[in-house]
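Taking it in order: structure first as structure tokens, then the write-up.
Every read-out reported here was derived from the displayed coordinates using simple, explicitly stated rules and does not represent laboratory data. Just so you know, these numbers come straight off a predicted model, no measurement behind them. Here the Cβ positions follow ideal geometry from the backbone for every residue, glycine too, while neighbour counts run over all protein chains shown.
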Amino acid sequence: MDYIKLLRIPNLVFIAAIQLLMYFCVLTPILGVYGLTPAMSVTELMLLVISSVLIAGGGYVINDYFDMKIDEINHPFTRVVGKTLTRHQAMVFYQVLSVMGTLTGLYLCFKAHSITYVFVYLMVLGLLWFYSSTYKRQLALGNFIVAFLAAMVPFIVGLFEIRFMDVNYTPSEDTRFIGNLVISWMGGFGICAFLWTFIREIVKDMEDEKGDRELECHTFPVVLGFARTKVVVFVSLAITLGICAYFTFYLIPFDDPFTYRYYILGIVIPSFFFVYILASAKKKADYKLASTVLKMIMVVGMLYAVVVTYEVNKYEKIVNGEESTEMTIE
């Protein structure tokens, strides 16, 4: 049970769910418009999910390993390393998870005939280690790394799909067009994951400011103070909402009001609620609530993948003459 506590099971489930959503709710219906099925099989997808979950789980373990002293201050009742598990046990657990995840990923790279993607896995392992040991204590750098890794969760599905397309199909103008389409969709979800995660990491730093200050971490609230950090968060939020609005109203090719309503009701209104909570936050519990609201917004954002399936199915019905409403997909 103590080992399971280190893994942040809800977060790992979220990672797996995102990649499954990208495959079944975005990739499959989009390719179906062109009479194709994903070049990456379901078996290969499961290898990707398993490797992602194992490596992420190892990242959580090594983070707690290096954060033992900070967690004594910030999370005295829930910490595991140094309390119910020794640091040695945590390190061995990290090594087992990371080795299993890496080997699974390397096998997937072998099936995809890609040496380049091996370096992607090695890069992720290195970032997780150095983030936990060093980078998270530096201003903005730690937040950026976590946000980048969050963006890789949906984006890597697209990377492997185009790689398997290169393996299974003869290169042509059509395959290049479809490959670019896949990267555009996965990249859009990845950019949104990056932006919202970056904001949430700053808010989490505000929640953990006491321990971070004690251990001389250079996070935003330690360096700038809470008032200025809130300004950073609000500016970042405004930029994020603007980028998401650009995607919603200009880039997403569905000429249908449902997407616009989804953005307003699922993203914008909860964001105003978040602003209210953070603006009036004074206690650790307030920042935790603000962080939770952000996580819910991220969940809603990723669930837009289900809307993609709905919109594509609607488009195909229109093409087949079953509906008369105009709609486009590019």
If I model a spin label as a point 7 Å beyond the Cα along the Cα-Cβ vector, how far apart are those points for Leu36 and Ala17 in nm?
2.9 nm
What's the ranking of 130-141, 239-250 by average number of surrounding C-beta atoms within 10 Å, highest first?
130-141, 239-250
Tilt of helix 141-168 relative to the longest C-alpha principal axis of the chain, in degrees (0 to 90, nearest 10)?
30 degrees
Semi-axes of the equivalent ellipsoid of region 1-81: what are they in whole Å, largest first, if each equals the square root of 5 times a C-alpha gyration tensor eigenvalue?
37, 11, 9
Could you derive backbone 3J(HN,Hα) for region 116-125 from the dihedral phi with the Karplus parameters 6.51, -1.76 and 1.60 (θ = phi - 60°), listing whole Hz in sequence and x where the residue is Gly or Pro?
4, 5, 4, 5, 4, 5, 5, 4, 4, 4
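What is the extension gain from Lys283 to Asp2, computed as 0.36 nm multiplied by their sequence separation minus the C-alpha to C-alpha distance, in nm to one decimal?
Using 0.36 nm per residue and subtracting the Cα-Cα distance, I get 98.3 nm.
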Spin-label zone in region 148-178 - amide nitrogen under 18 Å from a point set 7 Å from the Cα of Met123 along the C-beta vector
148-164
Expressed as a whole number of Å, what is the distance separating the alpha-carbon centroids of region 18-78 and region 83-153?
12 Å
Across region 2-319, how large is the tail of the calculated P(r) beyond 38 Å, expressed as a percent of all Cα pairs?
17 percent
Looking only at region 21-60, which residues have a backbone nitrogen under 13 Å from a spot 7 Å from the Cα of Tyr107 in the C-beta direction?
43-52
Nearest 10, in degrees from 0 to 90: the angle of helix 9-21 to the longest Cα principal axis of the chain is 20 degrees
Full extension between Ser133 and Ser236 adds, at 0.36 nm per residue less the Cα distance, a length in nm of 34.5 nm
How far is helix 304-319 tilted off the main Cα axis of the chain, in degrees rounded to 10, range 0 to 90?
10 degrees
Quick one: what do you get for region 273-316 if you divide its Cα Rg by 2.2 N^0.38 Å?
1.71
Distance in nm between label sites at Tyr169 and Phe249, each 7 Å beyond Cα in the beta-carbon direction?
3.4 nm
Go ahead and run the numbers for FRET between Met68 and Val300, Cβ-Cβ distance against an R0 of 35 Å, rounding to 0.05.
0.55
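State, as an integer percentage, the relative contact order of region 256-314 based on alpha-carbon contacts under 8 Å between residues 6 or more apart.
Numbers: 22 pairs, mean separation 21.7, N = 59.
Relative contact order here is 37 percent.
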So if each residue of separation counts as 0.36 nm, and I subtract the Cα-Cα distance between Ile269 and Thr116, what length gain in nm does that give?
50.9 nm
Kindly provide the helix-only [θ] at 222 nm of the chain, computed as the sum of -39,500 (n - 2.57) over DSSP H runs of four or more divided by all residues, to the nearest 500 deg cm²/dmol?
-24500 deg cm²/dmol
Computed FRET value (nearest 0.05) for Phe77 with Phe177, which takes r as the C-beta separation and R₀ as 51 Å:
0.40
